[in-house]
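Quick notes on the structure that follows.
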Amino acid sequence: MGEQHGQELERLAGELGGVRPPGSFAGLAGAELARLADAVRDERARQAGGLNEAAEEALKLVPGLARGAVRKVLFR
């Protein structure tokens, strides 16, 4: 396992919030680790987008006059 493999393991750990991947992941090739790290990053971005969209939809239930204040509290 080379330097790239170690870098990809570190990148995957970063995408996992600093949590080291299980030891069995060491058997994966560097390209596989890169693909997995990309997939985790993309999924987190997709989830964040969905959460923002859901929050904006929920804000439509708040009376118009209070919407700005509620938005400030929720999206600091």
**Fill in**
Selection over segment 15-37 where residues are open to solvent by 50 Å² or more (accessible area, probe 1.4 Å) and within 15 Å of the chain's Cα centre (by Cα) yields a count of 6
**Asked** When the residues of segment 43-59 are filtered to those that are surrounded by 12 or more Cβ atoms within 10 Å (Cβ to Cβ) and aliphatic (A, V, I, L, M), which remaining residue is farthest from GLU10 (Cα to Cα)?
**Response** LEU59
**Prompt:** Can you tell me how many residues in segment 19-54 are hydrophobic (A, V, I, L, M, F, W, C) and not in a helix (DSSP H, G or I)?
**Reply:** 3
**Complete:** Screening VAL40, VAL62 for residues that are modelled with pLDDT of 90 or more, β-branched (Val, Ile, Thr), surrounded by 11 or more Cβ atoms within 10 Å (Cβ to Cβ) and within 17 Å of PHE75 (Cβ to Cβ) leaves only VAL62
**Prompt:** Any idea how many residues of segment 26-42 are of a type in the set (Gly, Ala, Ser) and touching a Lys or Arg at 6+ places or on another chain (Cβ under 8 Å)?
**Reply:** 2
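The values are calculated or read from the model by the stated rules, or taken from the named source; none is laboratory data. Please read all numbers here as calculations on a predicted model, not as lab measurements. Virtual Cβ from ideal backbone geometry, glycine too; neighbours counted across all protein chains shown. The area values use the complete protein model at the heavy-atom level, side chains included, leaving out ligands, DNA and RNA. Shrake-Rupley method; radii C 1.70, N 1.55, O 1.52, S 1.80 Å.
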